[in-house]
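A.B. asks: Just dropping this structure here.
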Amino acid sequence: MLFEYPQVWPSAQHSLFLALAGATCCVALAIALAWYVIRMRGRFAGAVEYAMVLPLGIPGIALGIGILSLWILVPGGIYGTLWILLLAYVTAHIPVAMQFVGSALHGIHTDLEDASRIAGQAWTGTIRRVDIPLMRPALIGSWLLMYVVILREISLVILLYNPSTVVLSVGLMDVWSSGFYPELAVFSLLLLVLGLAPVAVLWKFARFAPD
Amino acid sequence: MADWQQSVRGLSQVAAEPSYLSVCGLTKSYGAVLALDNFSLDFVGGQCTVLLGPSGCGKTTVLRSIAGLISPDAGRINIDNSAVFDAAAGTNVPPEKRRLGMVFQSYALWPHLSVAQNIAYPLISAGLSKGEIASRTNAMLEWIGLAGLGGRYAHELSGGQQQRVSLGRAMVAKPRAILFDEPLSNLDARLRERMRLELLALRQQAPFTAIYVTHDQLEAMTLADRVVVMRAGSIEQVGSPEDVYKRPRTRFSAEFVGIPNLLEGTVRSVMGADLVVETVVGAVAAHGWRSDWSPGAKCTVAVRPSLICLRCQEATDARRGSIIRSVYQGTSTIYLVELDGTQLAVESLSEERHAPGSTVAVMPVPGAVFAVLDD
């Protein structure tokens, strides 16, 4: 069934790759940026904070146009590849990941980090052994949210995809307009399964119980 | 609850080699606020030095600078004669390389780790073998009286137990010194009292170098080998607990160690550091911190409420005042006495009660009066 429709398999692969990579990039970047803004309070902390809120107010389609018109000018750039989609996803969704990770980091008393430093861990070891375990529910929760949001995202990607980088949501729109319902059902089912699978696996690790 | 005073076993595993610390010319400002102003002090190895002062006096800044959590603007910090911080030379050893232990006011136990994992953490950081980590963790658990509770989490322990875990974690890696940042202020009064005595017993067993920050004069008196009274980023007075308690150098020190009676007077005669000062309670003999007083000079004397006699009947040359208020405290009664417009607190151990309004004679105990420096 899957392979009877030429668009289905590649677009499922694209969607899965983008959702996994996009969610992971968002969370990893959010940890680094939250650390910079909240703990290091670097010179550009204010600017970073502002830049992290800005994409929230920009409609996906407008952001898509912006990214498109920038990268189309760069010769040999990433235009027309999956990477431009990844970049768009991360740009659009990092503010939400930042909110999750930022408030989790705010909730960690700095004494806990100081105690770790004095107990012989450098700041890298402190993040790994203290902050990440303590932020685990927020990290897994925001990863899941990023994953499902990227999977079903359409407004952002509708202008940026080309025939070699079709994703499930766009493919679904495509077959919808051609009125081919069995294929539409396949796309929908795949989206549903891919969306639910990690939620089913990971939800219990996102709970706040200190087990 | 097992008592660490009795479990001397494993002491060799927890006792630290006393290290010598010194800070020199430490200065730190936050914006326009000068938190530390050219602060210099030697911390004697194996002794407990208590930094005593009100909040904002810079005592915590000193402690956190020594720990490496704050970088001062200027100055030098040495541990065992090697610089861990030197602003001029650009030396700043990060906290994880200073080999110190610290006990926080908030306990700062990691909630995602068990008690045993919390205590083992510094040993894991030091890269010890699994076997050694396990044996030293167990010895420490036993020593702090929490053997068998290693699998619990911090939130399952009482406040006192949490503070012991915090102490165990600070000591387990045999640090060069242990820093205490108001460790008892989160505990209720009874527990604070007990932990204070336990800490004292612990220090007597294992004489590590300790730097202890507090605003509680009772903690300072109990635990200190040396008390450092701090004010606005500099040292007000350094001395033994007895020195600071009995012979406060300044008006500020006197108020901070709990002497409310600061009487204005005039110097009548001077003999070395001994003065006779004319005050509202009459001419009293006072000992002073400096010897350059001259007759006729204005002078403030401090006298503790418990060192003033209240005598109603005896007609001596003592001045008379009237009781404004009495506060019964169980073992003693505090009277507020007014003499010529000056109010004086007097503590009486006598069972005899004086009613407000009655007239009493007051007289300081000879030798109890101290001339302090004005600020």
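A.B. asks: Just to confirm my filter: which strands (runs of 3 or more DSSP E) fall fully inside the stretch B:19-69 and include at least 1 residues that are of a type in the set (Gly, Ala, Ser)?
C.D. replies: Correct list: B:21-30, B:33-43.
A.B. asks: Being aromatic (Phe, Trp, Tyr) and in a loop (DSSP other than H, G, I, E, B) is the filter; apply it to the stretch B:76-120 and report the residue that is farthest from the other protein chains (Cβ to nearest Cβ).
C.D. replies: Step by step, filter the stretch B:76-120, then rank; the result is B:Tyr107.
A.B. asks: Next question, about the same structure. Would you call B:Ala220 in a helix (DSSP H, G or I), farther than 25 Å from A:Gly120 by Cβ, in contact with a strand residue (DSSP E or B) (Cβ under 8 Å, 6 or more places away or on another chain) and modelled with pLDDT of 90 or more?
C.D. replies: When the stated conditions are applied, B:Ala220 passes them.
A.B. asks: Tally time: how many residues in the stretch A:76-123 are within 11 Å of the chain's Cα centre (by Cα) and among the polar types (S, T, N, Q)?
C.D. replies: 1
A.B. asks: Only one of A:Pro95, A:Pro133 is surrounded by fewer than 21 Cβ atoms within 10 Å (Cβ to Cβ) and within 13 Å of chain B (Cβ to nearest Cβ); which?
C.D. replies: A:Pro133 is the lone residue from the list that is surrounded by fewer than 21 Cβ atoms within 10 Å (Cβ to Cβ) and within 13 Å of chain B (Cβ to nearest Cβ).
A.B. asks: Now for a separate question. Could you list, in sequence order, all residues of the stretch B:121-140 that are in a helix (DSSP H, G or I), more than 8 Å from chain A (Cβ to nearest Cβ) and of a type in the set (S, T, N, Q)?
C.D. replies: Listed by number, the residues that qualify are B:Ser135, B:Thr137, B:Asn138.
A.B. asks: Sort out which residues of the stretch B:256-266 are over 15 Å from B:Val227 (Cα atoms) and surrounded by fewer than 20 Cβ atoms within 10 Å (Cβ to Cβ), and write them in order of number.
C.D. replies: Of everything in the stretch B:256-266, those that are over 15 Å from B:Val227 (Cα atoms) and surrounded by fewer than 20 Cβ atoms within 10 Å (Cβ to Cβ) turn out to be B:Pro260, B:Leu262, B:Glu264, B:Thr266.
Results for (1) crowded, with 20+ Cβ neighbours inside 10 Å; (2) at pLDDT below 90; (3) assigned by TED's automatic domain parsing to the domain that holds B:Pro18; (4) basic (Lys, Arg), shown as yes or no for each residue.
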site: B:Arg194; (1), (2), (3), (4): no, yes, yes, yes
site: B:Leu200; (1), (2), (3), (4): no, yes, yes, no
site: B:Ala210; (1), (2), (3), (4): yes, no, yes, no
site: B:Thr214; (1), (2), (3), (4): yes, no, yes, no
site: B:Val227; (1), (2), (3), (4): yes, no, yes, no
site: B:Ile235; (1), (2), (3), (4): no, no, yes, no
site: B:Leu275; (1), (2), (3), (4): yes, yes, no, no
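A.B. asks: List every residue pair whose Cβ atoms sit under 6 Å apart, with the two residues 6 or more apart in sequence or on different chains, where the first one lies in the stretch B:192-208 and is over 11 Å from B:Ile178 (Cβ atoms) and the second, anywhere, is at pLDDT below 85 and surrounded by fewer than 17 Cβ atoms within 10 Å (Cβ to Cβ).
C.D. replies: Here the result reads B:Ala201/B:Gln5, each pair linking the stretch B:192-208 to a residue that is at pLDDT below 85 and surrounded by fewer than 17 Cβ atoms within 10 Å (Cβ to Cβ).
A.B. asks: Now for a different question. Considering only the stretch B:305-324, I want to know if a residue exists there that is out of contact with any helix residue (DSSP H, G or I) (no Cβ under 7 Å at 6 or more places or on another chain), at pLDDT 85 or above and polar (S, T, N, Q).
C.D. replies: Yes, the stretch B:305-324 has at least one match.
A.B. asks: Let me ask another. Answer with yes or no whether A:Leu172 is touching a residue at least 24 places away in the same chain (Cβ under 8 Å), more than 14 Å from chain B (Cβ to nearest Cβ) and buried (at least 19 other Cβ atoms within 10 Å of the Cβ).
C.D. replies: So A:Leu172 fails the test.
A.B. asks: Sticking with this one: List the number of the failed condition for B:Val360; all other conditions in (1) under 30 Å from B:Gln237 (Cα atoms); (2) part of a strand (DSSP E or B) hold.
C.D. replies: Only one criterion in (1) under 30 Å from B:Gln237 (Cα atoms); (2) part of a strand (DSSP E or B) is unmet by B:Val360, namely (1).
A.B. asks: Among the residues of the stretch B:350-373, is there at least one that is in contact with a helix residue (DSSP H, G or I) (Cβ under 7 Å, 6 or more places away or on another chain), closer than 30 Å to B:Gly53 by Cα and modelled with pLDDT of 85 or more?
C.D. replies: Yes; the residues of the stretch B:350-373 include at least one that is in contact with a helix residue (DSSP H, G or I) (Cβ under 7 Å, 6 or more places away or on another chain), closer than 30 Å to B:Gly53 by Cα and modelled with pLDDT of 85 or more.
A.B. asks: Sticking with this one: Just checking, does the stretch A:136-153 include any residue being within 10 Å of chain B (Cβ to nearest Cβ) and in contact with a helix residue (DSSP H, G or I) (Cβ under 9 Å, 6 or more places away or on another chain)?
C.D. replies: yes
A.B. asks: When the residues of the stretch B:1-34 are filtered to those that are closer than 14 Å to B:Arg203 by Cα and of a type in the set (Val, Ile, Thr), which remaining residue is modelled with the lowest pLDDT?
C.D. replies: B:Val8
A.B. asks: Would you be able to tell me the number of residues in the stretch B:161-176 that are away from every other protein chain (no Cβ under 11 Å) and either within 18 Å of B:Gly127 (Cα to Cα) or touching a Ser or Thr at 6+ places or on another chain (Cβ under 9 Å) (or both)?
C.D. replies: So the count comes out to 4.
A.B. asks: May I pose another question? Please find, among A:Trp35, A:Trp9, the residue that is in a helix (DSSP H, G or I), free of Cβ contacts under 8 Å to residues at least 60 places away in the same chain and in contact with a helix residue (DSSP H, G or I) (Cβ under 9 Å, 6 or more places away or on another chain).
C.D. replies: Unique residue meeting the criteria: A:Trp9.
A.B. asks: Assess whether A:Leu85 counts as being in contact (Cβ under 8 Å) with a residue 12 or more places away in the chain and in contact with a Ser or Thr (Cβ under 7 Å, 6 or more places away or on another chain).
C.D. replies: Taking the combined requirement at face value, the residue satisfies it.
A.B. asks: Still on this structure: Please list, ordered by first then second residue, the pairs with beta carbon atoms under 6 Å, 6 or more apart or interchain, first in the stretch B:338-356 and touching a residue at least 24 places away in the same chain (Cβ under 8 Å), second aromatic (Phe, Trp, Tyr) and crowded, with 18+ Cβ neighbours inside 10 Å.
C.D. replies: B:Val346/B:Tyr335
The values are calculated or read from the model by the stated rules, or taken from the named source; none is laboratory data. Predicted model, so just to flag it, every value in this text is computed and none were measured. Neighbour counts run over all protein chains shown; Cβ positions are idealised from the backbone, glycine included.
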